[in-house]
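K.L.:
One structure is given below, represented as structure tokens, and several questions about it will come after.
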Ligand code: ATP
Ligand code: MG
Ligand code: MG
Ligand code: MG
């Protein structure tokens with residue numbers, strides 16, 4: 001099934017069950033405590049917390065989400081992206097566990113030509129919170145899954161809370177068995193084994209006062225049942241597509257592959273498409289380029305600009321990691337303009353804003369690449385000098401201060417320093433480097449406290465304000481180059 005069909009079937013299924021279809025909110029959340037929209041529920045948080053009353057108690061959406069905690073996983077696991085689309089259905093004090101589980105099962109197992117997703121029912125597994133006999137019972141009785149395919153998990157995996165006071169509750173997660181070629185049968189479901197998590201149903205049913213750790217079993221932090229339990233579900237579109245298209249990773253799905261293919265063309269290295277053992281490091285860098293390009297386009301489209309703090313820094317890191325990956329693959333040519341054009345081309349049928357913002361996206365991504373390229377060339381010269389001096393001294397350890405200055409003053413990534421040094425038979429004293437970093441953090445904290453760096457951060461704040469405010473008009477704000 002194509003990605004577009006998955007979006008449509010998901011939304012239509014819940015629309016037919018009295019859900020209102022809501023458009024995706026921006027990746028920049030309304031909630032000031034959050035850096036980015038990390039889940040489909042984020043725009044609806046006030047309804048769950050009882051701070052606002054929804055017009056309708058049932059909603060469904062395809063939400064753009066970004067997760068920085070998965071950045072290091074990109075390309076190294078089959079399933080993690082920094083930007084992805086979360087399919088979700090929500091009940092604000094309306095239906096609860098029985099319907100949420102029964103509908104997730106029905107949608108998953110109904111054949112595609114009858115409006116479902118068409119998963120093989122025999123290959124679906126579920127996990128429930130260890131004490132949640134109700135959820136266990138609904139899986140067994142409403143879906144007919146044999147008990148061996150329903151596994152109990154502790155709070156670490158299957159209990160949700162915000163960390164503060166308010167609603168909390170158990171989760172039940174749905175996994176798909178990718179088959180014996182991905183590992184042995186039996187035993188617990190383990191991530192990155194033959195099972196893939198594709199849907200999480202959060203069953204909000206308790207209230208916590210936030211005084212203890214509500215995730216701990218037997219904690220006194222749960223103060224009682226919620227008067228109106230709620231449902232929050234999230235399913236990664238790219239993971240569903242990966243499973244239904246029977247491809248090895250999320251990077252090989254229909255709306256992802258064009259970016260991977262272009263990264264291969266631009267770098268001129270091959271892509272084996274294999275995963276795990278036997279998969280070369282170059283495959284990882286190709287996936288990083290493709291993934292970060294996608295995330296970059298969507299972040300800029302929603303009004304994020306590169307900067308040295310907050311979400312602007314997330315964007316900057318994404319571009320730098322993508323460019324760095326291309327350089328590691330031996331490519332000096334620009335990658336950002338063609339990559340942005342490809343993302344816009346592939347994804348604007350589903351996300352038309354990409355087309356509206358095309359010029360802004362391409363310009364900003366390319367300018368950020370250019371800035372970083374300059375950084376890299378300056379850094380390479382400095383590093384070359386330092387390495388020569390080290391060798392002349394008859395030393396094999398590159399001093400940590402050089403690496404730190406390259407990082408701190410020139411923005412030259414330390415992983416690159418290490419790699420280049422190693423190519424020349426030199427090592428970096430990593431502990432000493434870490435000490436420099438720690439000392440720098442102390443200085444930065446002290447400076448922030450005394451306000452000495454207020455002027456510096458002001459520049460970024462102004463730049464950020466220009467796009468994050470309500471009157472973002474796109475391209476015009478780029479003209480002044482003020483954010484570079
Ligand atoms: P994982 O254990 O694989 O990291 P998760 O438990 O952190 O996933 P949830 O927070 O439960 O994920 O998010 C709900 C759903 O969103 C997941 O079941 C999955 O389908 C999807 N998802 C989560 N993180 C990612 C990601 N980094 N890239 C793509 N899809 C994701
Ligand atoms: Mg995760
Ligand atoms: Mg998980
Ligand atoms: Mg999960």
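K.L.:
Residue 234 - would you say it is touching a residue at least 12 places away in the same chain (Cβ under 8 Å) and closer than 28 Å to residue 61 by Cα?
P.N.:
Details: touching a residue at least 12 places away in the same chain (Cβ under 8 Å): yes; closer than 28 Å to residue 61 by Cα: yes.
For residue 234, the condition - touching a residue at least 12 places away in the same chain (Cβ under 8 Å) and closer than 28 Å to residue 61 by Cα - is met.
One line per residue, one yes/no per condition, for (1) part of a strand (DSSP E or B); (2) more than 11 Å from ligand 1 (Cβ to nearest atom); (3) in contact with a helix residue (DSSP H, G or I) (Cβ under 9 Å, 6 or more places away or on another chain); (4) not assigned by TED's automatic domain parsing to the domain that holds residue 322:
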position	(1), (2), (3), (4)
32	no, yes, no, yes
39	no, no, no, yes
70	no, no, no, yes
98	no, yes, yes, yes
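K.L.:
I would also like to ask the following. Return yes when residue 359 is at pLDDT 90 or above, in a helix (DSSP H, G or I) and under 29 Å from the mean Cα position of the chain (by Cα) and no when it is not. Quick ask: steps written out before the conclusion?
P.N.:
Numbers: at pLDDT 90 or above: yes; in a helix (DSSP H, G or I): yes; under 29 Å from the mean Cα position of the chain (by Cα): yes.
Yes, satisfied.
K.L.:
Among the residues of the stretch 152-161, are any within 16 Å of ligand 1 (Cβ to nearest atom), surrounded by fewer than 18 Cβ atoms within 10 Å (Cβ to Cβ) and without any contact (Cβ under 8 Å) to a residue 60 or more places away in the chain?
P.N.:
Taking every residue of the stretch 152-161 in turn, at least one turns out to be within 16 Å of ligand 1 (Cβ to nearest atom), surrounded by fewer than 18 Cβ atoms within 10 Å (Cβ to Cβ) and without any contact (Cβ under 8 Å) to a residue 60 or more places away in the chain.
K.L.:
I would also like to ask the following. Just checking, does the stretch 129-143 include any residue being in contact (Cβ under 8 Å) with a residue 24 or more places away in the chain, assigned by TED's automatic domain parsing to the domain that holds residue 226, within 30 Å of the chain's Cα centre (by Cα) and within 16 Å of ligand 2 (Cβ to nearest atom)?
P.N.:
Within the stretch 129-143, none of the residues are in contact (Cβ under 8 Å) with a residue 24 or more places away in the chain, assigned by TED's automatic domain parsing to the domain that holds residue 226, within 30 Å of the chain's Cα centre (by Cα) and within 16 Å of ligand 2 (Cβ to nearest atom).
Residues are listed down the side, and each one gets a yes or a no for (1) touching a residue at least 12 places away in the same chain (Cβ under 8 Å); (2) under 22 Å from residue 130 (Cβ atoms); (3) within 16 Å of ligand 2 (Cβ to nearest atom); (4) outside the structural domain of residue 282 (by TED's automatic domain parsing):
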site	(1), (2), (3), (4)
169	yes, yes, no, yes
173	yes, yes, yes, yes
182	yes, no, no, yes
201	yes, yes, yes, yes
204	yes, yes, no, yes
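K.L.:
Within the set of pairs 6+ apart or on separate chains, which have a first residue in the stretch 311-339 that is outside the structural domain of residue 286 (by TED's automatic domain parsing), a second that is surrounded by fewer than 18 Cβ atoms within 10 Å (Cβ to Cβ) and part of a helix (DSSP H, G or I), and C-beta atoms under 6 Å apart?
P.N.:
Close Cβ pairs (under 6 Å, with a partner that is surrounded by fewer than 18 Cβ atoms within 10 Å (Cβ to Cβ) and part of a helix (DSSP H, G or I)) do not exist here.
K.L.:
Sticking with this structure for a sec: So, in the stretch 61-77, how many residues would count as being crowded, with 21+ Cβ neighbours inside 10 Å and more than 14 Å from ligand 4 (Cβ to nearest atom)? Walk me through how you get there before you give the answer.
P.N.:
Step one: of the stretch 61-77, the residues crowded, with 21+ Cβ neighbours inside 10 Å are 61-66, 74-75.
Still in the list and also more than 14 Å from ligand 4 (Cβ to nearest atom): 61-64, 66, 74-75.
Qualifying residue count, the stretch 61-77: 7.
K.L.:
Limited to the stretch 52-77, what total is found for residues that are touching a residue at least 12 places away in the same chain (Cβ under 8 Å), over 18 Å from residue 6 (Cβ atoms) and within 21 Å of the chain's Cα centre (by Cα)? Explain how you work it out, then say what you get.
P.N.:
Step one: of the stretch 52-77, the residues touching a residue at least 12 places away in the same chain (Cβ under 8 Å) are 54-68, 70-71, 74-77.
Next cut, over 18 Å from residue 6 (Cβ atoms) only: 54-59, 66-68, 70-71, 74-77.
Now narrow it down to the ones that are within 21 Å of the chain's Cα centre (by Cα): 66-68, 70-71, 74-77.
Selection size over the stretch 52-77: 9.
K.L.:
When you scan the stretch 7-15, do you find a residue that is under 30 Å from residue 276 (Cα atoms), in a helix (DSSP H, G or I) and in contact with a strand residue (DSSP E or B) (Cβ under 7 Å, 6 or more places away or on another chain), even just one? Please lay out each step first, then the result.
P.N.:
Initially, the stretch 7-15 is screened for residues under 30 Å from residue 276 (Cα atoms), giving 7.
With in a helix (DSSP H, G or I) added as a condition, the list becomes 7.
Okay, now just the ones that are also in contact with a strand residue (DSSP E or B) (Cβ under 7 Å, 6 or more places away or on another chain), so 7.
Yes - at least one qualifying residue is present in the stretch 7-15.
K.L.:
Evaluate the stretch 113-127: report whether one residue or more is buried (at least 19 other Cβ atoms within 10 Å of the Cβ), closer than 26 Å to residue 20 by Cβ, under 27 Å from the mean Cα position of the chain (by Cα) and within 15 Å of ligand 1 (Cβ to nearest atom).
P.N.:
The answer is yes, given that some residue of the stretch 113-127 is buried (at least 19 other Cβ atoms within 10 Å of the Cβ), closer than 26 Å to residue 20 by Cβ, under 27 Å from the mean Cα position of the chain (by Cα) and within 15 Å of ligand 1 (Cβ to nearest atom).
K.L.:
Moving on. Would you call residue 49 over 23 Å from residue 303 (Cβ atoms), more than 10 Å from ligand 1 (Cβ to nearest atom), assigned by TED's automatic domain parsing to the domain that holds residue 23 and more than 10 Å from the chain's Cα centre (by Cα)? Break it down into steps so the answer makes sense when it comes.
P.N.:
Details: over 23 Å from residue 303 (Cβ atoms): yes; more than 10 Å from ligand 1 (Cβ to nearest atom): yes; assigned by TED's automatic domain parsing to the domain that holds residue 23: yes; more than 10 Å from the chain's Cα centre (by Cα): yes.
Spelling it out, residue 49 is indeed over 23 Å from residue 303 (Cβ atoms), more than 10 Å from ligand 1 (Cβ to nearest atom), assigned by TED's automatic domain parsing to the domain that holds residue 23 and more than 10 Å from the chain's Cα centre (by Cα).
K.L.:
Looking at residue 311, is it assigned to a helix (DSSP H, G or I) and touching a strand residue (DSSP E or B) at 6+ places or on another chain (Cβ under 9 Å)?
P.N.:
When the stated conditions are applied, residue 311 passes them.
K.L.:
While we're here: Only one of these conditions is not met by residue 81: (1) part of a loop (DSSP other than H, G, I, E, B); (2) away from ligand 2 (no atom under 16 Å from the Cβ). Which number is it?
P.N.:
Just one mismatch for residue 81, condition (2).
K.L.:
A follow-up question, please. Limited to the stretch 362-386, what total is found for residues that are touching a residue at least 24 places away in the same chain (Cβ under 8 Å) and either surrounded by fewer than 20 Cβ atoms within 10 Å (Cβ to Cβ) or within 27 Å of the chain's Cα centre (by Cα) (or both)?
P.N.:
Taking the stretch 362-386 and keeping what is touching a residue at least 24 places away in the same chain (Cβ under 8 Å), we get 362-373, 375-376, 378-380, 382-383.
Okay, now just the ones that are also either surrounded by fewer than 20 Cβ atoms within 10 Å (Cβ to Cβ) or within 27 Å of the chain's Cα centre (by Cα) (or both), so 362-373, 375-376, 378, 380, 382.
Here the count works out to 17.
K.L.:
Would it be correct to say that residue 87 is touching a helix residue (DSSP H, G or I) at 6+ places or on another chain (Cβ under 6 Å), outside the structural domain of residue 354 (by TED's automatic domain parsing), away from ligand 1 (no atom under 12 Å from the Cβ) and not in a loop (DSSP other than H, G, I, E, B)?
P.N.:
Numbers: touching a helix residue (DSSP H, G or I) at 6+ places or on another chain (Cβ under 6 Å): yes; outside the structural domain of residue 354 (by TED's automatic domain parsing): yes; away from ligand 1 (no atom under 12 Å from the Cβ): no; not in a loop (DSSP other than H, G, I, E, B): yes.
Considered against the rule, which asks whether it is touching a helix residue (DSSP H, G or I) at 6+ places or on another chain (Cβ under 6 Å), outside the structural domain of residue 354 (by TED's automatic domain parsing), away from ligand 1 (no atom under 12 Å from the Cβ) and not in a loop (DSSP other than H, G, I, E, B), residue 87 comes out as no.
The values are calculated or read from the model by the stated rules, or taken from the named source; none is laboratory data. Remember, predicted model here, so these are calculated numbers, not experimental data. Note that each Cβ is placed from the backbone with ideal geometry, even for glycine, and that neighbours are counted across all protein chains shown.
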